[in-house]
Amino acid sequence: MIDYFSLGHPLSRLRSRYAQRARERMLRLFLATFQPTPETRVLDLGVTPDQSLPESNYFERHYPYPERIVAASIEDISALQDIFPRTRMVRIAPGPLPFADQSFDIVFCSAVLEHVGSRDRQQQFVRELLRVGRAYFLTTPDRWFPVEFHTLIPLIHWLPQSCHQQILRVLGLEFWSKTDNLNLLTGRELMEIFPPASRPVLKKITTCGWPSNLVAFGLC
């Protein structure tokens with residue numbers, strides 16, 4: 001399993017507490033926006049195999065119609081089938097999604113976009129998300145929040161990306177220093193990777209009064 005959560009960090013429990021609250025607010029926004037029914041087909045794109053944190057797979061834990069979810073990940077999530085027996089678990093490869101056009105009424109994608117690579121690859125990822133769904137709900141951390149969620153290091157991610165990555169390498173955080181593994185976005189950058197015809201509504205979730213998560217949603 002890829003450790004996206006800094007599980008051994010002394011501040012991990014505190015980060016987890018705030019992450020759970022943010023995901024609760026995002027789920028409420030999702031339900032209020034789309035008002036899904038028992039017939040609504042949902043793809044949750046980017047499920048984690050982690051079972052240790054209360055915010056992990058928050059959508060599967062609390063969505064009212066779990067039997068209508070297809071949960072997909074590039075990681076091995078087969079162990080989750082016993083935890084969420086009413087939800088179909090699918091392992092996929094990076095790249096084009098193995099689903100037909102408009103297979104789902106809504107694509108839900110939380111905290112994945114920052115991990116797919118360059119801006120071009122992020123654009124390709126969004127195009128695939130729009131292809132397989134009729135509507136979308138996508139979240140990603142706000143780069144302007146003062147603490148970077150994955151490393152739990154403050155402020156250095158505000159520097160130009162090359163400087164940020166160089167500092168991470170000096171600190172021994174080689175994995176997070178690679179664009180393929182971490183490429184944060186501002187609200188403006190998030191809007192720009194969507195095709196003009198599918199520009200989303202943009203909302204911001206706050207933590208301690210500061211925007212911490214970006215939420216983009218709309219029709220495909």
Phi-derived 3J(HN,Hα) across the stretch 162-176 with the Karplus relation (6.51, -1.76, 1.60, θ = phi - 60°), rounded Hz, x for Gly and Pro, is 4, 5, 4, 5, 5, 5, 4, 5, 4, 7, x, 9, 4, 4, 6
Can you pull the one-decimal nm distance between simple spin-label points at Ile83 and Ser118, each 7 Å off the Cα toward Cβ?
3.5
Using modelled backbone amide H atoms (1.01 Å from N, in-plane), which distant-in-sequence or interchain residues come within less than 5 Å of Glu148's amide H?
Ile153, Leu155
Residue by residue through the stretch 206-218, which ³J(HN,Hα) values in whole Hz follow from phi under the Karplus form 6.51 cos²θ - 1.76 cosθ + 1.60 (θ = phi - 60°), with glycine and proline marked x?
9, 10, 6, x, 10, x, 10, 9, 9, 10, 10, 8, x
Protection proxy ranking of 99-106, 55-62 - average other beta-carbon atoms within 10 Å, highest first:
55-62, 99-106
Highest average packing first - 26-33, 7-14, Cβ atoms within 10 Å:
26-33, 7-14
Label point distance in nm, Glu75-Cys208, each placed 7 Å from Cα along Cα→Cβ
2.6
How high is the FRET efficiency between Arg13 and Ala93 when r is their beta carbon distance and R₀ equals 45 Å, given to the nearest 0.05?
0.85
Alpha carbon centre of the stretch 150-220 versus the stretch 90-124: separation in Å?
17
Can you work out ³J(HN,Hα) from phi for every residue in the stretch 83-94, in order, using Karplus 6.51 cos²θ - 1.76 cosθ + 1.60 and θ = phi - 60°, giving whole Hz and x for Gly and Pro?
7, 10, x, 8, 10, 7, 9, 9, 8, 10, 8, x
Which cross-chain or sequence-distant (5 or more) residues have an amide H under 5 Å from the amide H of Ser110, H modelled 1.01 Å from N in plane?
Leu45, Thr139
Please give the residues of the stretch 48-90, grouped as numeric ranges, whose backbone N is less than 17 Å from a label point set 7 Å along the Cα-to-Cβ vector of Thr33.
58-60, 63-64
Which order do peptides 183-194, 36-47 fall in by mean Cβ count within 10 Å, highest first?
36-47, 183-194
What residues have an amide H closer than 5 Å to that of Gln102, excluding those fewer than 5 places away on the same chain, when H is modeled at 1.01 Å from N in the peptide plane?
Val132, Gly133
Between Gln20 and Ile167, what is the label-to-label distance in nm when each label sits 7 Å out along the Cα-to-Cβ direction?
3.0
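Computed from the coordinates by the stated procedures, all read-outs in this text should not be read as laboratory data. All figures in this text were calculated on a predicted structure; none of them were measured in a lab. Counting neighbours? That spans all protein chains shown, and the Cβs are built from the backbone with ideal geometry, glycine included.
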